[in-house]
Amino acid sequence: MQSTSAQLDRDILEAVLAWQAVMGVDLAIGDMPIDRFAQSITPPQQEMTQEATPELQRQPRPGKAASASIAPPAQVEAQPEPARQRLEEAQTLAQLQALLEQFDECALKSTAARLVFSDGNPAARVMLVGDAPGADDEREGRPFSGRVGALLDKMLAAIGLDRTQVYLANMVPWRPPGNRAPNPREIAQLRPFILRQIELAQPEFLIPLGTIAMQSLLQTDAPPMRLRGQALEFVAGAQKIRAFPMLHPIYLLRQPSHKRHAWQDLQALQRALAPAPPKP
Ligand code: URA
């Protein structure tokens, strides 16, 4: 039997639909496609700016890591957003969460089912920051649920920590559609919020987990394998925080042979957390 042109169109449309499902498209949010990738690589002039000089010789600015051994920051960085001033007005984590609930400028909010702000103990000495919530996290309403969270819990348990002793958040608090990685524009839009969250939580130790959190928080292009294992200084407002970048549990699920690096880094954190022995 010969295919009619209508049948051919239908076959093609079904194939395109199947391909989109495989690529993780799980929601239609408009009639016309929007090329977010193109938007992210050609951001509007007023929102993104070139870094004039490398950071290494300069005093760290809020949310910058001070280190002589990490690479200069990425070429684009968000200029202070108008929202930034309003963020200063948030004096508590609850107020910051309320500001996020009202923030409509990030497209991720319109596709996500809910805000996933934090988990664990906001008064903890250790704060871990991942990249974005996944489907499990969105369902549960807390970061690092599901399989990834279970591995993170095991990693923490290996050095005697549980969720009552750490505070958890993400670079972006809304799940990107299809569990894709957040793009540079979304990260730049939401970076001021996570910086304020760190400032308000005042942890002693900050653990950026994985490439996105490492590079965005520490403002560097250095690869994660070079950043992990370093003890850096992170400036959050008036506070200096010790930063221990670590490999992301998702990466460790895919590359179990790298768990030994994670173990070394966890042990370094454990040593740093231990009270100094009494002087003889
Ligand atoms: N879940 C989170 O909450 N954050 C991640 O980075 C990954 C999974």
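Laboratory data are not the source of any read-out in this text; all were calculated from the coordinates shown. All values reported here derive from a predicted model rather than from experimental measurement. So basically every Cβ, Gly included, is an ideal-geometry build from the backbone, and we count neighbours across all protein chains shown.
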Mind listing whichever residues of the stretch 104-119 are among the small types (Gly, Ala, Ser) and surrounded by 15 or more Cβ atoms within 10 Å (Cβ to Cβ)?
ALA107, ALA112, SER118
Close pairs (6 angstrom Cβ cut-off, 6 or more residues apart or separate chains): more than 20 Å from LEU115 (Cβ to Cβ) and polar (S, T, N, Q) in the stretch 140-168, away from the ligand (no atom under 13 Å from the Cβ) and not in a helix (DSSP H, G or I) anywhere
THR164/ASN121; GLN165/ALA124
Here are some residues: LEU151, LEU108, LEU128. Which one is within 14 Å of the ligand (Cβ to nearest atom), in contact with a Pro (Cβ under 9 Å, 6 or more places away or on another chain) and closer than 16 Å to PHE205 by Cα?
LEU128
Hey, PRO122 hits all of (1) assigned to a helix (DSSP H, G or I); (2) surrounded by fewer than 20 Cβ atoms within 10 Å (Cβ to Cβ) but one; which does it fall short on?
(1)
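Listed here are the residues, each with its yes/no results for (1) closer than 22 Å to LEU266 by Cβ; (2) buried (at least 23 other Cβ atoms within 10 Å of the Cβ); (3) aliphatic (A, V, I, L, M); (4) within 13 Å of the ligand (Cβ to nearest atom).
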| position | (1), (2), (3), (4) |
| --- | --- |
| GLU140 | no, no, no, yes |
| PHE144 | yes, yes, no, yes |
| LEU156 | yes, no, yes, no |
| THR164 | yes, no, no, no |
| GLY178 | no, no, no, no |
| GLU233 | yes, no, no, no |
| MET246 | yes, yes, yes, yes |
| ILE250 | yes, no, yes, yes |
Report yes if LEU266 is more than 16 Å from the ligand (Cβ to nearest atom), at negative phi and of a type in the set (A, V, I, L, M, F, W, C), otherwise no.
yes
Unique match (being acidic (Asp, Glu), out of contact with any His (no Cβ under 9 Å at 6 or more places or on another chain), within 19 Å of GLY134 (Cβ to Cβ) and in contact (Cβ under 8 Å) with a residue 40 or more places away in the chain) among GLU186, GLU233
GLU186
Considering only helices (runs of 4 or more DSSP H) fully contained in the stretch 185-280, which possess at least 3 residues that are more than 19 Å from VAL148 (Cβ to Cβ) and among the hydroxyl-bearing types (Ser, Thr, Tyr)?
none
